[in-house]
Structures are given as structure tokens and as C-alpha cells.
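Okay, so here's the structure we're looking at.
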Amino acid sequence: MTAAAATRPTAGPLSGSGALRFGYGTNGFANHRLGDALAVLADLGYVGVALTLDHDHLDPFAPGLARRVAAISRRLDALGLAVVVETGARYLLDPRHKHAPTLLHDDPARRVEFLRRAVRIGADLGAEAVSFWAGVRPPGVPPGVAADRLVAGCATVCAAAAEAGVPLGFEPEPGMFVEDIAGWWRLREALGAPPGFGITLDIGHCRCLEPMPVPQCVSAVAEHLVNVQIDDMRRGVHEHLEFGTGEIDFPPVLRALADAGYRGLVAVELPRHSHAAPAVAARSLDFLRAAASRGEGR
């Protein structure tokens, strides 16, 4: 871990209540240089970022990785921004096939190496978590084979994360092989319930497909929650929406996070809004602060 990362504030223990910590995903600033995006977010009042490793924002396969990671760590420290590492880049590993290869493919080696690098980067940045997902089951791969491959791949990543001391947040993603909280529980059990294997919860996904109300989703996984993504969404439609344009009632959701004692980042996840990133980020923070205030009054 760099000296800067060692001094950067991170999440505290999951106990008690208190102010939520809002961040923003850099995948929603794809048209900005990373340093510029970080500065904009810090100026707006965000306290952290969800950093998606990608070709335009800290490419983990480009030359000079250690030097570039150290520079970003210093930048985060200077701006007072906490960080989680996200690994959902669409075409980083294969320029022709979105998200490929995943841990479910016949040859997942490049995905495994990517996730190992993400863990090392997370350690050097002092990241609060490294987040990843299963991917879509490839055509022709039986469910049982896909499950075995996923468990094997996750076990490898868990070992690397345990060695590096970095928490993992596995994200259920609509349409992927593990798409809901129940699937995360099954995967965790299959892995032997490793202590560093937490969950990344996307609030919009909960509205999209979970059978429980969104605040109950938060409560159901509170003990294992290491990373939160937040956006608006409608039932049955996996489309990340600006706040107030979907169906989620946010004050009870934010109240549930506070009541759970969650201390990690609550990072806005709007990957298709880069064309107006500064304005969207400003509106999003205003909305979340107002919603949190209303939630505190309930």
C-alpha cells in the first residue's frame, strides 16, 4: 500500500448509525480524464469514487502500471476521496465481445488475471472493496459447468484478496448467471463462506428484480455489505436512471443503510450519462442529500 493510501480515510466498522458517504462512479465520466473527473467530484462535495478500471481510466494492462497507480493514489489523497475498485469495463479484455471473457468461459485466464490485478491495485490504492460479478452464461455452457467454473474462479480471486487484505464485493447483476441476492447466498455457501467475500448491492437492481422491497434487501445482506451502488430503476427493466425518474422511494432505502450501520461508499451508478456528467453528478448529490435528510426524519 502506498503512503498516501495508508493515510486516506476509509470506512469504519458496521455498527451504529450516522451520515452516509456518497460517491460517484467514474464510468459515468467516460469523456473526462480521470484526474479531471476526480477534481470535479471532489469540488461537488462527493467523498469517494467507484473507480472502474478501463482503457481510459487506469488501464490495468497498459505500461507503467505501478507508477500510474501511485499517481492516482496521491491524487485521491490530495482530494480527500475514498475509493472502491470496479471491474465492469465493457471491452477492456476483448474489443469485439462485451465483458468477455468472464469466469464462465472456456478460457477465463484473462478475466482471472484482470481480477488479480484489480485486487493488487485496490490494495495499493487503499480501496475499501474490489467489486466484480459472474457474467452471462455463454451459449453451450451447461448451468452446472458454469457454476463449477464460477466457484473455481471466485476461489482464486478470494485467495488473492485475502493475501492482499482487500474485501471483495460480489455484485448480483440482472441477466447474469448470478443475478439476485439469493444467487449470491448460494455462491457464498458453495465457496465455504469465506470472510472476505462480501456483497456489492446495486439499489436499482433491487427494484428491478428482487421479490422484497428495496429497504428489506438492504437489511437482508447488511452483515455482508461492503459496497453500494445507487441509481433509480423500474420494475423489470434493467436501465440505470437518474434519481426521481424511476420507481424507487429513496428516503426509506437510505434510512435502511444508516440503520444497518453501513459505513462504505454509496456510489452513484449512471454509466450512460457521461455526456452530461458534471451536471448529472451535481443533481445526484443534491437529491441524495435531500433524500437522506427526509429519511432521518422518519
Condition first: charged (D, E, K, R) and out of contact with any helix residue (DSSP H, G or I) (no Cβ under 8 Å at 6 or more places or on another chain). Now tell me which residues in segment 200-221 satisfy that. Asp202
Would you point out which residue out of Arg272, Arg207 is in a helix (DSSP H, G or I), open to solvent by 10 Å² or more (accessible area, probe 1.4 Å) and in contact with a strand residue (DSSP E or B) (Cβ under 7 Å, 6 or more places away or on another chain)? Arg207
Does any residue of segment 276-298 turn out to be assigned to a loop (DSSP other than H, G, I, E, B), closer than 22 Å to Gly48 by Cα and open to solvent by 10 Å² or more (accessible area, probe 1.4 Å)? no
For segment 239-247, does any single residue satisfy the condition of being among the hydrophobic types (A, V, I, L, M, F, W, C), in a helix (DSSP H, G or I) and at pLDDT 95 or above? no
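Condition check ((1) of a type outside the set (A, V, I, L, M); (2) free of Cβ contacts under 8 Å to residues at least 60 places away in the same chain) across all residues:
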{"site": "His205", "(1), (2)": "yes, yes"}
{"site": "Val214", "(1), (2)": "no, yes"}
{"site": "Leu257", "(1), (2)": "no, no"}
{"site": "His275", "(1), (2)": "yes, no"}
{"site": "Ala279", "(1), (2)": "no, yes"}
{"site": "Ala290", "(1), (2)": "no, yes"}
Taking Gly198 and the conditions (1) assigned to a loop (DSSP other than H, G, I, E, B); (2) touching a Leu at 6+ places or on another chain (Cβ under 7 Å), which numbered condition does it fall short on, given that it satisfies the others? (1)
Let me confirm something: among Ala256, Ala267, which residue is open to solvent by less than 30 Å² (accessible area, probe 1.4 Å), part of a strand (DSSP E or B), modelled with pLDDT of 95 or more and out of contact with any Leu (no Cβ under 9 Å at 6 or more places or on another chain)? Ala267
Within the set of pairs 6+ apart or on separate chains, which have a first residue in segment 128-147 that is of a type in the set (D, E, K, R), a second that is part of a strand (DSSP E or B), and C-beta atoms under 8 Å apart? Glu128/Gly48; Glu128/Ala82; Glu128/Val83; Glu128/Val84; Glu128/Val226; Glu128/Asn227; Glu128/Leu265
Report the residue count in segment 152-165 for those that are surrounded by fewer than 18 Cβ atoms within 10 Å (Cβ to Cβ) and closer than 18 Å to Pro108 by Cα. 4
Just checking, does segment 116-133 include any residue being among the acidic types (Asp, Glu) and closer than 16 Å to Ala50 by Cβ? yes
May I ask you to verify whether Val228 is in a helix (DSSP H, G or I) and open to solvent by less than 10 Å² (accessible area, probe 1.4 Å)? no
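The values are calculated or read from the model by the stated rules, or taken from the named source; none is laboratory data. Owing to the predicted nature of the structure, the values given are computational and were not obtained by experimental measurement. All Cβ positions, glycine included, derive from the backbone under ideal geometry; neighbour counts span all protein chains shown. The protein model used for the area step is the full one, side chains on, heavy atoms only, and it has no ligands, DNA or RNA in it. Shrake-Rupley method; radii C 1.70, N 1.55, O 1.52, S 1.80 Å.
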